[in-house]
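A short write-up of the structure that comes next.
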Amino acid sequence: MSVFVSWILRAVAFGTIIMYGAMGETVTEKSGNLNLGVPGIMYLGGFSGFASAYFYEKNATNPSGIVCVLLALFCCILASMAGGLIFSFLTITLRANQNVTGLALTTFGMGVANFFGVFILNGASYTAAPLANKAFSAKLPFLSEKLGPVGKMLFGYGFLAYAAIILAIVLHRVLNKTKVGLNLRAVGENPATADAAGINVTKYKYLATCIGAGISGIGGLYYVLDYNQGIWATTGQIEALGWLALALVIFTTWRPLNGIWGAYLFGVLYWLYQFLPTILGLKVPNYVTDLIQMIPYVVTIVVLIAVSLRKKRESQPPASLGVAYFREER
């Protein structure tokens with residue numbers, strides 16, 4: 001039972017990281033922009049949040065956990081939105097190719113984070129912000145410990161894990177039940193028609209891309225200051241999770257609510273190699289472990305094929321996804 005509980009705890013925490021990345025990219029893609037720079041944005045957001053908390057802990061006389069949380073979140077979202085703004089300017093204003101720009105942004109985000117990370121690491125292989133980790137991973141002891149295994153599986157996470165669920169519900173409501181969401185979806189489906197109806201296409205694309213980048217960046221912050229126990233190391237793991245977040249967008253067919261269970265399913269499948277053999281009492285060779293870790297991507301491909309064959313419009317991406325809008329061609 002303890003192994004199963006550990007599996008669920010790890011899967012939910014892992015799923016929370018990619019859920020933020022997927023929700024942010026869903027908002028971006030609803031506007032018709034395809035931002036493949038999510039891995040770089042998550043990397044940039046994670047480093048910015050960690051660096052701000054680290055220097056605050058290091059230099060403050062009596063550092064506060066609440067200040068660590070607020071400062072890390074602010075710097076993370078600000079840096080991530082700056083990455084989204086760069087992407088927006090290049091692809092919306094200058095009409096650069098979105099695929100190339102997104103890939104370049106991934107390299108740029110990782111490069112910036114690793115460059116400034118050298119000054120924090122100062123020759124070490126890793127460094128930590130323990131107070132920030134304690135604040136971000138704080139649990140409700142009377143629920144997570146008193147209720148046994150069920151309490152651990154339901155309440156054994158930091159506050160950002162629950163904030164991700166709330167955010168998914170809010171995004172679902174905004175995208176499907178509000179005028180702003182309707183306008184955003186109209187821009188993503190047919191920007192020329194939206195423009196003719198008086199909707200400011202450029203404004204919606206800029207806002208959706210920058211806000212989406214800010215949300216994605218929180219996934220990187222959660223990875224560093226909660227999931228990875230407040231440790232910063234230039235391992236490139238955040239980049240890998242960013243690509244998995246992009247796969248989750250397709251898997252959930254661009255629906256934020258599907259992102260909740262989809263992210264946790266990805267987490268369960270990703271950690272299958274470590275916990276299932278223990279539960280079944282089997283010994284798995286190393287090469288099989290690598291194959292098992294491919295399962296989330298394989299499942300995404302299967303879903304993509306199934307959705308394409310069914311050809312249901314509500315399960316398809318926005319019609320203008322990845323296509324630059326030229327108003328003069330309207």
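A few comments on the model shown:
- Taking the longest Cα principal axis of the chain as reference, the axis of helix 159-177 is set at about 20 degrees.
- Convex hull per residue volume in Å³, alpha carbons only, for the stretch 20-112: 86 Å³
- Between R327 and N59, residue separation times 0.36 nm minus the direct Cα-Cα distance comes to 91.4 nm.
- Cross-link check: pairs K58/K134; K205/K312; K179/K312; K177/K203; K152/K283 evaluated at a Cα-Cα cut-off of 18 Å; pairs beyond the cut-off: K205/K312; K179/K312; K177/K203; K152/K283.
- Acute angle (nearest 10 degrees) that the helix 98-121 long axis makes with the longest principal axis of the chain, alpha-carbon atoms: 30 degrees
- Probe 1.4 Å, protein heavy atoms only - accessible area per residue of the stretch 1-93 in square angstrom: 34 Å²
- Between the Cα long axis of helix 256-270 and the first principal axis of the chain there is an angle of about 40°, rounded to the nearest 10.
- All C-alpha pair distances within the stretch 67-162, sorted into 5 Å bins from zero, spread as 2, 11, 13, 14, 14, 13, 12, 10, 7, 3, 1, 0 percent across the bins.
- Start at zero, step by 5 Å, and the Cα-Cα distances of the stretch 216-290 spread as 3, 12, 18, 20, 19, 16, 9, 1 percent across the bins.
- Descending Cα extents along the principal axes, the chain, whole Å: 59, 50, 39
- Considering only T28, T61, T278, the Gaussian network model of the chain with Cα springs below 10 Å gives its largest mean-square fluctuation to T61.
- Relative contact order %, the stretch 1-141, counting alpha carbon pairs below 8 Å whose residues are six or more apart: 32 percent
- Helix-only CD estimate at 222 nm, as mean residue ellipticity for the chain, using -39500 (n - 2.57) per DSSP H run (n ≥ 4): -23500 deg cm²/dmol
- A dipole drawn for the chain from +1 and -1 charges on Cβ atoms has a positive end, and of T106, G220, A324 the residue lying farthest that way is A324.
The values are calculated or read from the model by the stated rules, or taken from the named source; none is laboratory data. Fair warning: this is a prediction, and the values are worked out from it, not measured in the lab. Backbone-built Cβ (ideal geometry, glycine too); neighbour counts: all protein chains shown. With ligands, DNA and RNA removed, areas are computed over all heavy atoms of the protein, side chains included. Shrake-Rupley method; radii C 1.70, N 1.55, O 1.52, S 1.80 Å.
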